[in-house]
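The values are calculated or read from the model by the stated rules, or taken from the named source; none is laboratory data. Every value quoted in this text rests on a predicted model; they were computed, and no experiment measured them. For neighbour counting, all protein chains shown are included, and Cβ atoms are generated from backbone atoms with ideal geometry for every residue, glycine included.
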């Protein structure tokens, strides 16, 4: 039974709302190193993404992974959206617009 004996613990853990709130669609990991190395993490759920990044002083190495068999995920589209977002943040913070080639 759960803490006060009202409900078996298994029922609490398997509650639909708890399962939905505990679902991790994005697994993010920072792997700081001075080399251009990275460690790739796969998605935790079939419709999620795994993202690993290695920040450097003037650039960042980023790897994005998703299940190819899941129709709702697209690693390239996610990576493109991430790059666009980072460019917008850079422009917001520095006032310097960054072209798509940078």
Out of everything in the range 45-84 that is farther than 20 Å from residue 31 by Cβ and outside any loop (DSSP other than H, G, I, E, B), what residue ends up being farthest from the chain's Cα centre (by Cα)? 84
If I filter the range 12-29 for residues that are in contact with a strand residue (DSSP E or B) (Cβ under 8 Å, 6 or more places away or on another chain), at pLDDT 80 or above and surrounded by 12 or more Cβ atoms within 10 Å (Cβ to Cβ), do I get at least one hit? no
